[in-house]
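Please read the structure below before turning to the comments.
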Amino acid sequence: AGPSIGGRTITVTGSNFTAGNIAVSFGGPAGTSISVLSPNTLTVTTPGHGAGTVDVQVTSIGGTSALHPPNDQYQFMDQGYWIVESNGVMHSFNAALNAGGPTWSQRPISGMVETPDGRGYWVVAQDGGVFCFGDAGFYGSEAGVALNRPVVGIAATPDGGGYWLVAADGGVFTFGDAGFYGSTANVALNRPISGMATTTTGRGYWLVAQDGGIFTFGDAVGWGTYCCVSTRTMVGMAAPDNGGYWEAQDDGGVFPIGDAAQGLGSMGGRPLNRPVFGMASSPSGRGYWLFAQDGGVFPFGDAIGYGAASVGTAAGAAALFAA
């Protein structure tokens, strides 16, 4: 599944793939940037298509592949996003399904992340409590455990079968099929950790500190950092692919590193009612949203703004690519 605007690179498996004379169709429109990795595997970038499920067919010199639904189907999804307040009240925009929020949480909310199909989400509190909504499964939490520092973020595995929690000291807690690849829990940090992002494989992650320092684990590659170049606080990061990432400051400044798209814009130097607390990449990786504590939403590149929330204090947000 992926966004209706297209632009997502996916893997297709089959047989007798030959480079040079091959096409992949998605319910009619053709995919682009086809790369044949082996006779049985190729990658292709999805085209734009209206929301819904379509047949995927590969055409080569040997003919066109037969249909075997649902194995050879792809779901195009609309966009949207959620914003959750520190008290657990949930706000949803455009196609985002509002399945509720953990208004009963004993501790303030510190983050959220969507499920792969966009039909649910997990919300995490500062004490490590995890709350599941929609089709999000519960795989455990740190609620009731004495933590050294509060939990500041959550990230999900690519298949939705698990998640990571990260604390302000860089402690990483794994649940479900999320693998542990290291942490900074025993590292003397200059500034606390403010967020994390995962690789597309789910076999690694980055941690970002408030001074802009980046810490890499598993198959996550360090492409550079904006550590210590500003007196502002880095509040989050987003990684559109494994080749780069953006860092975001509390004043809305955005810093691209590696192959993350540059020149898309930011709120740096512009007046804000409340600080920015996080960011999310658009599905194509050619844009992003910044989210402010007052519920303000600032889209850049090909990210689309669907409105803002009038809130007390926003504490988490997630970009949605939902059916």
Would you please list the contacts, defined by Cβ atoms under 8 Å and residues six or more apart or on different chains, that run from a residue in the range 137-163 that is farther than 25 Å from Ile10 by Cβ and modelled with pLDDT of 95 or more to a residue that is surrounded by fewer than 18 Cβ atoms within 10 Å (Cβ to Cβ) and among the hydrophobic types (A, V, I, L, M, F, W, C)? Asn148/Ala185
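Test Gly244 against the stated conditions and say whether it is of a type outside the set (A, V, I, L, M, F, W, C), buried (at least 17 other Cβ atoms within 10 Å of the Cβ) and out of contact with any helix residue (DSSP H, G or I) (no Cβ under 8 Å at 6 or more places or on another chain). Explain how you work it out, then say what you get.
Details: of a type outside the set (A, V, I, L, M, F, W, C): yes; buried (at least 17 other Cβ atoms within 10 Å of the Cβ): yes; out of contact with any helix residue (DSSP H, G or I) (no Cβ under 8 Å at 6 or more places or on another chain): yes.
Yes.
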Quick check on Gly28: is it assigned to a loop (DSSP other than H, G, I, E, B) and either under 18 Å from the mean Cα position of the chain (by Cα) or under 26 Å from Gly170 (Cα atoms) (or both)? no
Members of the range 164-177 found to be over 13 Å from Phe217 (Cα atoms) and either in a loop (DSSP other than H, G, I, E, B) or free of Cβ contacts under 8 Å to residues at least 12 places away in the same chain (or both), listed by number: Ala168, Asp169, Asp177
What do you reckon, is Ala155 part of a strand (DSSP E or B), closer than 20 Å to Ala197 by Cβ and not β-branched (Val, Ile, Thr)? yes
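In this structure, is Gly50 touching a residue at least 40 places away in the same chain (Cβ under 8 Å), small (Gly, Ala, Ser), in contact with a strand residue (DSSP E or B) (Cβ under 9 Å, 6 or more places away or on another chain) and within 20 Å of Phe291 (Cβ to Cβ)? Steps first, answer last, please.
On the way: touching a residue at least 40 places away in the same chain (Cβ under 8 Å): yes; small (Gly, Ala, Ser): yes; in contact with a strand residue (DSSP E or B) (Cβ under 9 Å, 6 or more places away or on another chain): yes; within 20 Å of Phe291 (Cβ to Cβ): no.
Spelling it out, it is not the case that Gly50 is touching a residue at least 40 places away in the same chain (Cβ under 8 Å), small (Gly, Ala, Ser), in contact with a strand residue (DSSP E or B) (Cβ under 9 Å, 6 or more places away or on another chain) and within 20 Å of Phe291 (Cβ to Cβ).
From the set of residues in the range 31-61 that are aliphatic (A, V, I, L, M) and assigned to a strand (DSSP E or B), which is surrounded by the fewest Cβ atoms within 10 Å (Cβ to Cβ)? Give the steps one after another, and end with the answer.
So in the range 31-61, the residues aliphatic (A, V, I, L, M) come out as 34, 36-37, 42, 44, 51, 54, 56, 58, 61.
Right, trim to assigned to a strand (DSSP E or B) and you get 34, 36-37, 42, 44, 54, 56, 58.
Working: Ile34: 18, Val36: 17, Leu37: 13, Leu42: 23, Val44: 24, Val54: 18, Val56: 21, Val58: 23.
Selected residue: Leu37.
Filter the range 257-307 for residues that are hydroxyl-bearing (Ser, Thr, Tyr) and either without any contact (Cβ under 8 Å) to a residue 24 or more places away in the chain or buried (at least 19 other Cβ atoms within 10 Å of the Cβ) (or both) and give the result.
First, the residues of the range 257-307 that are hydroxyl-bearing (Ser, Thr, Tyr): 266, 281-282, 284, 288, 306.
Ser266, Ser281, Ser282, Ser284, Tyr288, listed by residue number.
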Cβ contacts < 7 Å: first residue at pLDDT below 95, restricted to the range 207-228; second residue assigned to a loop (DSSP other than H, G, I, E, B), any location; separation 6+ or different chain. Result? Thr225/Gly212; Thr225/Gly213; Tyr226/Gly212; Cys227/Asp211; Cys227/Gly212; Cys227/Gly213; Cys228/Asp211; Cys228/Gly212
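The values are calculated or read from the model by the stated rules, or taken from the named source; none is laboratory data. These figures come from a predicted structure and were not determined experimentally. As a convention, Cβ positions derive from the backbone with ideal geometry for all residues, glycine included, and neighbour counts pool all protein chains shown.
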